[in-house]
Every structure is written in structure tokens, then in C-alpha cells.
Amino acid sequence: MSRIRGFEIVSSYEGKEINLPKRATAHAAGYDFEAAEDTVVPSIWKALFKNRTHKAKEEIASFSLPEENQRFLKSTLVPTGIKAYMKDDEYLQLANRSSNPIKNQLTMPNGVGIIDADYYGNEDNEGHIYFQFVNYGIRDHVIKKGERIGQGIFMSFLKVDHEAEGSAKRTGGFGSSGR
């Protein structure tokens, strides 16, 4: 039997009690992903208020963020310990859990994540899937290992007529197809 699509554990997470994604119900479209390790998603509000004092109105208008606070405005990558294989004309769409924004103030800054078929087995990270989050809550949020963080939905895609097949081969891991 040939393999068409599915999930595997990334080699560096083997033996670490990682669960393969699964659908919660018979009619669920998405496969639930869990965090592979505890991860702190810092509150973005720390960037504005950490080591800051009250400023006059004029100073607020010319506000600049201290460099040491800029790290709080970056996305946090949450590892899953999972990689996905699929057909060449498919991708895995990563979506936030619907409860994350309301319960945990976590959002995916890119809206959805796209895992291309050629991401699987890449040289940089084996195709390790990460979920990207920003925390707009007042306090840091700790995602615990094994906590469900998002879902993945396998999707087909179409190509335009007379498209020249690209000869470029993926040369890296996360974010490597961008220019």
C-alpha cells in the first residue's frame, strides 16, 4: 500500500511521548495538533510598558520602542514534533483553535499557516511543523506540552494553464520559500 498523506514524528522528538494529530470527531475537517513542549507566549503589552515611565502627550506622539522590548512583539513558534507528508498537489493548512483567541488571547499573526508538500523531509528541520502565535492578553500565556494548539486540514490546490514547472528545489525549513 502506497502512502498518500499522513503524519510522522520528527526524529528529534521520538521517544518523547508525542501524539500524532487526529480528528476529534467523525466529521471534523481538521486534525488536532498538540504542543511538543512547554512554551511561553509573552504578552505584547510588555513591549509597551516594560521599563517605561509616564510620558507627556508630546513624547507619546514620537514614541519609540526600546530595543530590549521589541522581542515581545515577535511571534512565538510553538513546536509540534510532527511532520506531514502529502501528494504534490496538496498542502496542509494550519489554523488556530477557535477557542484560543477567546480563552487564551492567542492569535496566529499570519491568519493561517501553509505547509507545502516539499517541506516534508527538508534538510534544515525534517519538515517540523510549528504553530506561530502572538499573545494580545495582559499576561504571558504558558502552553503546556500535550495541549491542543491548532488544527491542520489537508487541501488540494489548482495551477494555472500553461504554467512552467518550477525547477527550484526547497533549500531550507521554516519560511524558506519566501524571497
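Since every read-out is calculated from the coordinates, none of them should be taken as a lab result. Everything numeric here is computed off the predicted structure, so don't read it as measured data. Methodologically, a virtual Cβ is constructed for each residue, glycine included, from the backbone with ideal geometry; neighbour enumeration extends over all protein chains shown.
When you count, for each residue, the other Cβ atoms within 10 Å and take the mean per peptide, how do 22-30, 4-12 rank with the highest first? Kindly include the intermediate steps, with their values, before the conclusion.
Values: 22-30: 10.4, 4-12: 15.1.
The packing order, highest mean first, is 4-12, 22-30.
In nm, to one decimal, how far is the SER99 label point from the LEU20 one, both placed 7 Å along Cα→Cβ?
Here the answer is 2.5 nm between the modelled labels.
Could you tell me which of the pairs LYS83/LYS159; LYS16/LYS144; LYS83/LYS145; LYS22/LYS159 are separated by over 26 angstrom between their Cα atoms in the structure shown?
LYS22/LYS159
Sorting check: for 158-164, 117-123, which peptide has the highest mean count of neighbouring beta carbons within 10 Å, and how do the rest follow?
117-123, 158-164
What spacing in nm lies between the two simple spin-label points modelled at VAL112 and LYS74, each 7 Å away from Cα in the Cβ direction?
With each label placed 7 Å out from Cα toward Cβ, I get 2.8 nm.
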